[in-house]
Amino acid sequence: ITALLIMKCMPEGSDPVILANASDVSHFGYFQRSSVKEFVVFVGRTVAKRTPPSQRQSVQHEEYKVHAYNRNGLCAVGFMDDHYPVRSAFSLLNQMLDEYQRNFGESWRA
């Protein structure tokens, strides 16, 4: 797992707002790390924006499989390698959304 993001997806088509972001770029060279983080944010927002509410999708992007789950406007995105099981990826994204809503309730809607 390279990165996990939770975003608020806007229905009007504007860019999703990042609410939480965790990434591990330690396996990249020092000078590549900031570019990789920018890549994660850009691709994560793009995939989240294109994932309809109450839907899940997986997108192949370069060497990553990007998994997204939009639960009524709250979207979790994960960047995994090709060998990470799809079922486990969506289970993790579901668990992330449960934890986020348990800790922050509906405050993300404001």
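None of the figures in this text is laboratory data; all of them are computed from the coordinates on show. From a predicted model like this one, the values you see are computed outputs, not experimental measurements. Methodologically, a virtual Cβ is constructed for each residue, glycine included, from the backbone with ideal geometry; neighbour enumeration extends over all protein chains shown.
Screening the range 81-104 for residues that are assigned to a helix (DSSP H, G or I) and charged (D, E, K, R) and picking the one that is farthest from Ala20 (Cα to Cα) gives Arg87. Select from the range 65-80 the residues that are free of Cβ contacts under 8 Å to residues at least 60 places away in the same chain and either part of a strand (DSSP E or B) or crowded, with 22+ Cβ neighbours inside 10 Å (or both) and list them in ascending order. Correct list: Lys65, Val66, His67, Ala68, Tyr69, Arg71.
Condition first: β-branched (Val, Ile, Thr), touching a Leu at 6+ places or on another chain (Cβ under 8 Å) and in a strand (DSSP E or B). Can you find one or more residues in the range 36-55 that meet it? No: the range 36-55 contains no residue that is β-branched (Val, Ile, Thr), touching a Leu at 6+ places or on another chain (Cβ under 8 Å) and in a strand (DSSP E or B). Looking at the range 36-59, can you tell me whether even one residue there is in contact (Cβ under 8 Å) with a residue 60 or more places away in the chain and farther than 24 Å from Asn103 by Cα? Among the residues of the range 36-59, not one is in contact (Cβ under 8 Å) with a residue 60 or more places away in the chain and farther than 24 Å from Asn103 by Cα, which makes the answer no. Out of Arg56, Arg50, Arg87, which single residue is among the basic types (Lys, Arg) and surrounded by 15 or more Cβ atoms within 10 Å (Cβ to Cβ)? So the residue among Arg56, Arg50, Arg87 that is among the basic types (Lys, Arg) and surrounded by 15 or more Cβ atoms within 10 Å (Cβ to Cβ) is Arg56.
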